[in-house]
1. Of the listed peptides 54-67, 100-113, what is their order by residue-averaged count of other C-beta atoms within 10 Å, with the highest listed first?
2. May I have the count of lysine pairs in segment 37-187 with C-alpha atoms under 26 Å apart, counting pairs 8 or more residues apart or located on different chains?
3. Take the Cα pairs of segment 37-187, get the Kirkwood Rh, then feed it into Stokes-Einstein at 20 °C and 1.002 mPa s and tell me D in µm²/s.
4. Using the beta-carbon distance between Asp192 and Ala134 and R0 = 25 Å, what value does 1/(1 + (r/R0)^6) give for FRET efficiency, to the nearest 0.05?
5. By count of other Cβ within 10 Å, fewest leading, how are Thr43, Thr37 ordered?
6. Distance from the Cα centre of segment 153-192 to that of segment 55-121, in angstrom?
Amino acid sequence: MYAWRKWTQEMRDEVLRRRKLLNRPWHGPPHFTGQQTSQYLITGTCYEHAPIIGSSMERMDDFVKQMQHACEELGAVVHAWCVLPNHYHLLATASDLPPLIAKLGKLHGRMSFAWNGEDDARGRICWHRVTDRAMRSEAHFWTTVNYVHHNPVKHGHASKWTDWPWSSAHDYLREKGRDAATLAWKAYPILDYGAKWDD
């Protein structure tokens, strides 16, 4: 939807009409609760996918530390995570989703203020809204683990999981073992995972 500003008013009206008809959110996605699960894939994306997080290795390191601290403060159990230059994924168990989303929102606000100061870019929008997807089954959970760890490869930042330092893949492979991780990769392939989330 980055072309939105270039569209005519008629084009915008038609897109909004279709989204209303399909019962889709008009712009920002809603945060669902009451889905008989406490496991969620949470994704935070830089505005228009600009590589704001990834402007330096130090910024990436600091964001990882701050993100993990936010989860720890609320007692969320993180199963898999990955931070890329323009977005991040976090698979976590949270007994109450809204406080975790609010905590991440505050983290985004603090980071935006600091980054805009560093980059001499006051007023810049750094983040789009956080999205969440509830895990529907054990298979969905393990496919998501694979998706999160494979994300740097998918986006061309690394040729294999272990080449990317801002990910839980290293801990996952050490704890699960490479043989078991390979079996999980084959049993729960990512295929076109996530390709049609917003159709």
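1. Values: 54-67: 15.1, 100-113: 16.6.
Packing order, densest peptide first, comes out as 100-113, 54-67.
2. Total qualifying Lys-Lys pairs in segment 37-187 comes to 10.
3. Details: Rh = 15.9 Å.
It comes out at roughly 135 µm²/s.
4. Details: r = 19 Å, r/R0 = 0.77.
In this case the efficiency is close to 0.85.
5. Thr37, Thr43
6. 21 Å
Bear in mind these aren't lab numbers, they're just calculated from the coordinates by the rules spelled out. Computed from a predicted model, the values in this text were never measured in an experiment. Quick reminder, even Gly has a Cβ in these numbers, built from the backbone with ideal geometry, and neighbours come from all protein chains shown.
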